[in-house]
Each structure stands twice: as structure tokens, then as C-alpha cells.
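Asks: Starting off with a structure, shown below.
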Amino acid sequence: MSPQPQAAVGAPLSRVDGRLKVTGKALYAAEHDVDGVVYAAIVDSGIGRGRITSIDTRAALAHPGVLRVISHRDAPKLPYRDNAGSNNPPGRRLRVFQDDRVLFHGQPVAVVVATTLQAAQHGASLVEVGYDAERSSTDLREAEADEPTRYARGDAEAALRSAAVRMDLTYRTARNHHNPMEPHAAIARWSGPRLTVWDKTQWVVGTQNELAAVFGIPAQAVRVISPFVGGAFGSGLRCWPHVVVAALAARVMARPVKVVLSRRQMYFGTGFRPSYEYRLRLGSDRRGRLTAMAHEMDAETSSYEKFTETIMPAGQMLYSMPNVSQAYRTVPLDVNTPLWMRGPGFATASFVIESAMDELAHQLGLDPIELRRRNEPAEDESNGLPFSTRRLRECYTVGAREFGWDRRRPEPRSRREGDWLIGMGMAAGLYETQRNTAQARARLNADGTATVEAAASDMGPGTYTSQTQVAADALGLTMGAVTFRLGDSLFPPTPPHGGSMTMASVGSAVLDGCDQVRQQAIKLAVEDRRSPLYGAAAQDVVVRDGRMHVKDDPARGETYRQLLARNNRTHLEALGSFSRPSGAERHSYYAYNATFAEVAVDATLGLVRVRRMLGVYDAGRIISPKLAHSQAIGGIVGGIGTALLEHTVTDHRDGRIVNANLADYLVPVNADVPDIKTIYLDGEDREADPLGVKGLGELVHIGVAPAIANAVFNATGRRIRELPITAEALL
Ligand code: MOS
């Protein structure tokens, strides 16, 4: 096949759904207009652990508009079948209103259904719940850990004992909450045995499977619709209890029910990035060649599910060294279950490893980039596989040049402007290139337009736009002629919209489906005696603006419309698919970055201001440069949050989250966001997937926090090993 001309892919296009969003026509979960809907407000547990002893609903029921209060006392028993087709971690998931147990502060204990939202909310405040409270355990440092997951190569302990340079460092990272702009919400409606749910989710298929399992009905009986997601950062990767509440209440009421979590409820109604205590010991020779690292990682999970994330690979393969040991332990606490958030695992590992590398560079008197160059591996030392592509050295070179790294003074506290100490720091980041089985349906219509459908999501990165770009070029159509539809479980299945795998997975399926349709059309033309293309070699035909022509003879051709009309075809259609090659991987697939930060720290007040940031990314092919830049800005802003602001605080006396609101849980605002530059290295990763992409969403967040921490050290001489870095810590 002649390669299709690439007109849309690689072009800095604006979002195809931008107008819908700014005119309010993009409908988010709670905005769908469902006839006869009633409103539900969840009553949260006021204790951190124990039993419900009484529920007094009289005042609530007396309130005008309140229709019903549902709790474990009268809720239908639900089968809660096991579910392999979900993101549920191992364990026994929280069962909504199935018993009197309270497992964490904020757990749903009842729901008030009313004719208006106001009546439901007020009704919820009138429900009196009595408890038999037990002591809850929410402190990572006090509780007992599970058995560790281990990794080892060589003998890290022996190598550490004999290392010329040794460091033993303990890091702590705060719990973070996703805090998307749009609150989580669901509307559920039953039609006989069939359930339809409008949900905020990053995975309509996962939510479909989970609701089917919870209610003991076939997956085909559940439809999940989620065309727009107002940010999620991972929080939409699971079907949370409130979605079950909506479906359960809709069943009890025999009416559609809407549940919207309040901002406060988002702190325990959905997951969070778990807090870590992370000890890293490292050894090197005097020239900075690493000899060993020993990692001990303790992370929060809930008492009822064991949530884990990919915290371990970075320590195994980011740098070359013969000896590595790792022990990763989860610590069950009386909290709700954590979930992946912005660069999960890797962001935390990168903060620790990249902070430690900066400390080592300082101790050895080496430039931090030079230290990293000395430890570049030739292959993935965790499995002996060659890298598909790894251009971290180039990221360093380009980044150092563009950021003006040569202006950095290695001696901390050596640059001052009035009250402000100025410093520069950098860090490496990496994220695995994930890709997974996906399908997409492509349909070329008689009018020369096309519709492409997949059960994917768009939580903000611009899936609608980037998939349209892929489809447009593969079909040889303009962007305007292609409609990409997503967010409906009736569409062909896709993996979760997370782990930065959407373009590699769904995009490859879209490419396949559109390639098939284009080839069907070309075959039809070259075999059609009435076509100007009759007798041409199919592989010599390309399509541009909906017109097929012989590549080297553009005059010889015809349009899709002409072809389909003459052949009385209403459409051509194909189901595209992508699956990862079966069997063992042949390469080690990762995307990389070098992230640079310049900070100013008020010498007397300890305030940190990020002045400039640069990210240089080895992310494979960039489908949509404008979206990719936007993605990187978002990732860096999120990284500034993790580095300097975001911290979910728990009162360990009763497990209550103290700052469950956006006034006290700090996120970066415009005034916190500096001049941000982003550079994507040109190129593609031909080994990773048919599109040559390596994933962006996580990568752009990872490495930001350590770059800032290292800049703070360069500015002040203070090494802060705890996130967020606060003014208090710097005083
Ligand atoms: Mo991302 S944390 O996988 O939504």
C-alpha cells in the first residue's frame, strides 16, 4: 500500500469539540436530561470505623420533597459477583448498604431520595445515624504493613557495605486527591431488567462490567454513557460506590436517580494517590557509577482492598547498576481504597530516585546531568531487553541548551536577587508505554463523510480530536468530514482511558479500521469497469480529500461519493482492532523526559515560586502537537501541585479528612504557574505500536516534583525529602 499523505496527523489543530465545550453544549454526567429523574444525596459515615447501631429517618422523611431514605436496613441484597473485567484491586470491595459495618470515615451509610436536589441534601442532613465506634487506624507510620513484594538482582546489601559513597535517605509523600473540576456524578435508569447509566468515567466498559457484576445481570443488560469528562486524572478509572448507590436507588424507586458527589465527598467517595514512606539507600564509586540501590516502600491501602501501583520498575531500569533490592509493602488502613493518579507509581519513584541522584551529584561535585549520563544503561537491566527507543541523552542535551543549564551555579545559595534565592534543578522522568486490546468501527458514508466509533473516553487530553486526526488521514478525508464518537458501552470495546494508553491502543484500532475501509473502497474502484481507476494497482492508489487517485497520476481517480453512488452502496464499514503482540515482549517500551525548573525562594519567609519550567520529551510520534503541548502544561501544573501544594490531611483521631475542600486542599492557581516550555523530540517508536506513539498523559507529570525539589536545594541548600515542600519546612 502506498502510504497515505499525512495532512491532519502532526498538524497543530484545535479541538474538534472546543466549540461544544465553550458554548455549554457538551453534556457532562449530571447534565443529561432524563425524564422523571429524582435526586439523591448520600449520607456519609461520621466515624472512621465501627458499626451502625441506629438510623433515625423521621425528620428527613418529614421534610417536603423527600421521598425515601435507603440504608442497609432496607436496601435490596446485591450479589456483588466477582469481576475480572474491572480495575478492582484484590480484596473484597465495599458493598453499598449491605451490612452495618463502617470501614472508613465518609463511607455511604444511607441515601436520601427527593424530588429536588435541595430537598435531598437537606434531608440527608436530617438523618440521624447512631454508631458503635471503634478506634480507626489511618496513620501509615503507625500501622502494620502487609508482606512485601520483592525484587532483587545482585547483592545490594553487600554492595552497599563496600560502596565508596553511600547514602541512606527517607522520603515521605503526601496523599493527593485528583480534584477534577467536574465532580463525580451518575444518573441511573432501569427499563425492566436493563440498566442505563450516565456516568463520569474513564472506562465505560469497566463500569458496565462492574455494574453487571454488582447487580448480577449480564453485561449486555447494562449501558454506560459518558461522552464528556471534565477532568479525572485517574479518579474515573473505577466504578465507585456512588454509582452503585444511583443504580440501587433507581431500582428501589422505580425511577431514574441522579447522584452528584459534593466536593467534600470527592475526598472519600473516589480514590487518591496513596501516601508513601520510601527509604532509599544507594551506593556508588567515586566517579559516580552507581553500584547499588535498596528501596523500601510503604504505601497506604484500604483495609478491604490491596491497591498497588507500578512503583518498582523505575528503580530497576532507569539507571545502570549491578545490584538492586526492592521491598514494596502496602499498609492497610481505615480509609477508602486509593487509585491511580497522574503518573501513578512512577511520579513517586521518580521524586525519590531523582532527588537522591541530585544529592549524590552534589556530594561528588558532579553536574547532575553528567552523573545521569554516567549511569545510562545499554539495555533494560531488569529483563535484558533492548529499549524500543530511549533518547534520554538527547532530552538532557536539548533541555540543557534550551533551559540555559550552563548558567546554573552548582554551589547552593550562590544566586540571590534581593530577598529571593534563585536555583535551578532538573530530573529525569519515565513512564512505561502501555497498550492494550482495543476495537473501533469505521464507517464511510455515501455522502463521503465517515463515522468512527470506539468506547473510549476523553477526560481532557483531546481524544475526540486526536482520533479524528488519525481517522482523517487513514481515510483520506478532511477533519470536517470525519465524526469520531466515544463514551458509550455500545461502541466497540477499548481499554481504560488511563495509563497513557489511549492513542497507542484505540488509535491503532482506529487506524486499522480506517485502513480497512480505505482499502475496501480502493478495491471496489480498481475492480469496477466504470471507474477511472479500473485496472490500476490497488497499492498505487492514495486518497486525498475524499478522492482516490493513482499516486503518480493524480488526474486518474474519482471520489468516494462517486464510487459508492454508482455501486449503490450506502456505506462501507470495518471493525478495526489492535492487540499487543502475544507472547513475551521483544523490547522494553518506555517514554522519557528531562524536566528543568528554576525557582525563587524567599530567604526569610520560605515561600517557593516556580519561575520557569521546561519539559523535553521522548514520547515517540506526536499525533497532535497543540494537544500535546496542552497536555504537558497540564502535567507540569499538576507536578507543581504535587511538589509544593497538594496534601490531603487526615485527623488520625477519627479518620476524618480535615481539608476536604478546595479552599484548604491547595492546587496551583494561575499565579503559581510560571513560564512553561515544552519540547517533543521528533521521531516515532516503530516497535511500540502501529502509530509509533509512546503515550503522553503520565509522562508529562513525572519528573516535575524532583526537578522543583532539586531547584529548591540549589537555591537554598536545604534538601527537603517530603512532599509537598512547604514554607514551614524551609524555615
Ligand atoms: Mo491516569 S492516572 O492512568 O488516568
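Asks: Residue 407 versus residue 217, label points 7 Å from Cα toward the beta carbon: distance in nm?
Replies: Label at residue 407, label at residue 217, 6.3 nm between them.
Asks: Using a/c under 1.5 as the rounded threshold, could you call the chain rounded, prolate or oblate? The axes a ≥ b ≥ c are square roots of the C-alpha gyration tensor eigenvalues, and prolate needs a/b larger than b/c, oblate otherwise. Display every interim value, and only then the final one.
Replies: Details: a/c = 1.89, a/b = 1.06, b/c = 1.79.
Oblate, since a/c reaches 1.5 and b/c is not below a/b.
Asks: Through the Karplus equation 6.51 cos²θ - 1.76 cosθ + 1.60, θ set to phi - 60°, convert the phi angles of segment 726-731 into ³J(HN,Hα) values in whole Hz; use x for Gly and Pro.
Replies: 10, 4, 4, 5, 8, 7
Asks: When the helix-only estimate is applied to the chain (DSSP H runs of n ≥ 4, each -39,500 (n - 2.57), divided by the residue count), what is the mean residue ellipticity at 222 nm, nearest 500 deg cm²/dmol?
Replies: -7000 deg cm²/dmol, from helical runs alone.
Asks: Using amide H atoms built 1.01 Å from N in the peptide plane, name the residues 5+ places from residue 291, or on other chains, whose amide H lies under 5 Å from its own.
Replies: 283, 284, 285
Asks: Right, another one. Between residue 92 and residue 320, what length in nm is gained on full extension when 0.36 nm per residue of separation is reduced by their alpha carbon distance? Could you put the intermediate results ahead of the total?
Replies: On the way: separation 228, 0.36 × 228 = 82.08 nm, distance 3.96 nm.
Here the answer is 78.1 nm.
Asks: Quick check for me: using +1 on Lys/Arg Cβ and -1 on Asp/Glu Cβ, what's the dipole size of segment 233-281 about its Cα centre, in debye to the nearest 20?
Replies: On the way: 9 positive and 1 negative charges, 14 e Å.
Magnitude of the dipole: close to 60 debye.
Asks: Among bridges DSSP assigns within the chain, what percent are antiparallel (round to 5)? All intermediate terms of the calculation are to be shown ahead of the outcome.
Replies: Working: 104 of 135 bridges.
For the chain, the DSSP antiparallel bridge percentage is about 75.
Asks: Another question, then. If I model a spin label as a point 7 Å beyond the Cα along the Cα-Cβ vector, how far apart are those points for residue 191 and residue 528 in nm?
Replies: 3.7
Asks: Sticking with this structure for a sec: In nm, what is the difference between 0.36 nm times the number of residues separating residue 553 and residue 118 and their Cα-Cα distance? Before the final figure, lay out the partial values.
Replies: Details: separation 435, 0.36 × 435 = 156.60 nm, distance 6.80 nm.
In short, 149.8 nm is gained.
Asks: Report ³J(HN,Hα) in whole Hz for each residue of segment 70-87, in order, from the Karplus equation J = 6.51 cos²θ - 1.76 cosθ + 1.60 where θ = phi - 60°; Gly and Pro get x.
Replies: These are the phi-based 3J(HN,Hα) values: 10, 8, 4, 5, 9, 6, x, 6, 10, x, 6, 5, 4, 9, 7, x, 9, 9 Hz.
Asks: Report the one residue of 496, 54, 18 whose Cα lies farthest in the direction of the positive end of the charge dipole of the chain (charges on C-beta: Lys and Arg +1, Asp and Glu -1; origin at the Cα centre).
Replies: Among 496, 54, 18, the one farthest towards the positive end of the dipole of the chain is 18.
Asks: While we're here: Report ³J(HN,Hα) in whole Hz for each residue of segment 434-439, in order, from the Karplus equation J = 6.51 cos²θ - 1.76 cosθ + 1.60 where θ = phi - 60°; Gly and Pro get x.
Replies: Running phi through 6.51 cos²θ - 1.76 cosθ + 1.60 with θ = phi - 60° gives 8, 8, 8, 3, 8, 10 Hz.
Asks: Nearest 20 debye, what's the magnitude of the dipole of the chain about its Cα centre given +1 on Lys and Arg Cβ and -1 on Asp and Glu Cβ? Walk me through the numbers before you get to the answer.
Replies: Working: 85 positive and 81 negative charges, 184 e Å.
Rounded to the nearest 20 debye, it is 880 debye.
Asks: Further question: Between residue 394 and residue 31, what is the spin-label point distance in nm, taking each point 7 Å from the Cα along the Cα→C-beta axis?
Replies: 4.0
Asks: Which listed residue (284, 148, 69) has the Cα farthest towards the positive end of the charge dipole for the chain, taking +1 on Lys and Arg C-beta and -1 on Asp and Glu C-beta about the Cα centre?
Replies: Projecting each Cα onto the dipole axis, the largest value belongs to 69.
Asks: What shape does segment 254-318 have by the C-alpha gyration tensor, where a ≥ b ≥ c are the square roots of the eigenvalues, rounded means a/c under 1.5, and otherwise prolate means a/b greater than b/c and oblate the rest? Spell out each step's value before the answer.
Replies: Working: a/c = 3.88, a/b = 3.73, b/c = 1.04.
Taking the square roots of the gyration eigenvalues as a ≥ b ≥ c, segment 254-318 is prolate.
Asks: Another one. Report the residues of segment 1-18 in range of a label on residue 537: point 7 Å along Cα→C-beta, backbone N strictly under 18 Å from it.
Replies: Only 1-5 pass the distance filter.
Asks: If amide hydrogens are placed 1.01 Å from N in the peptide plane, which non-local residues have theirs closer than 5 Å to the one on residue 611?
Replies: 598, 599, 600
Asks: If you don't mind, there's one more thing I want to ask. Once amide H atoms are built 1.01 Å from N in the peptide plane, which residues 5 or more positions from residue 102, or in another chain, come under 5 Å H to H?
Replies: 50, 51, 52
Asks: Something else about it: Among 596, 491, which comes first, second and so on when ranked by fewest other beta-carbon atoms within 10 Å? Could the numbers behind the result be given before it?
Replies: Numbers: 596 29, 491 19.
Starting with the residue having the fewest Cβ neighbours, the order is 491, 596.
Asks: Now for a separate question. From a point 7 Å beyond the Cα of residue 172 in the direction of its Cβ, which residues of segment 643-687 have a backbone N at a distance under 20 Å?
Replies: Hits in segment 643-687 for residue 172 at 20 Å: 643-660, 665-666.
Asks: Taking the Cα centre of segment 531-682 as origin, work out the dipole magnitude from +1 charges on Lys and Arg Cβ and -1 charges on Asp and Glu Cβ, in debye rounded to 20.
Replies: Numbers: 17 positive and 17 negative charges, 124 e Å.
Around 600 debye, computed over segment 531-682.
Asks: Cut-off is 10 Å between beta-carbons; in what order do 320, 588, 137 appear when sorted fewest neighbours first?
Replies: On the way: 320 14, 588 23, 137 19.
Least crowded to most crowded, the residues run 320, 137, 588.
Asks: Another question, if that's okay. Mind checking which of 232, 207, 265 is farthest towards the positive end of segment 178-280's charge dipole, using Cβ charges of +1 (Lys, Arg) and -1 (Asp, Glu) about the Cα centre?
Replies: Checking the options against the dipole of segment 178-280, the answer is 265.
Asks: Can you list the lysines whose alpha carbon sits under 28 Å from that of residue 677, skipping same-chain ones fewer than 8 residues off?
Replies: Leaving aside lysines fewer than 8 places away in the same chain, those within reach of residue 677 are 21, 626, 694.
Asks: Separate question: Given 0.36 nm per residue, what is the gain on full extension from residue 602 to residue 128 after removing their alpha carbon distance, in nm? Please report the intermediate quantities before stating the final value.
Replies: Working: separation 474, 0.36 × 474 = 170.64 nm, distance 4.93 nm.
Value of the extension gain: 165.7 nm.
Asks: A follow-up question, please. Which of rounded, prolate, oblate describes segment 350-406, given a ≥ b ≥ c as roots of the alpha-carbon gyration tensor eigenvalues and a/c under 1.5 marking rounded, otherwise prolate only if a/b is larger than b/c? Write down the numbers at each step before the final one.
Replies: Numbers: a/c = 2.29, a/b = 1.33, b/c = 1.72.
It is oblate, given that a/c is not under 1.5 and a/b is not larger than b/c.
Each reported figure results from applying straightforward, stated rules to the coordinates on display, with no laboratory input. Computed from a predicted structure; not experimentally measured. All Cβ positions, even for glycine, are placed from backbone atoms using ideal geometry, and neighbour counts span all protein chains on display.
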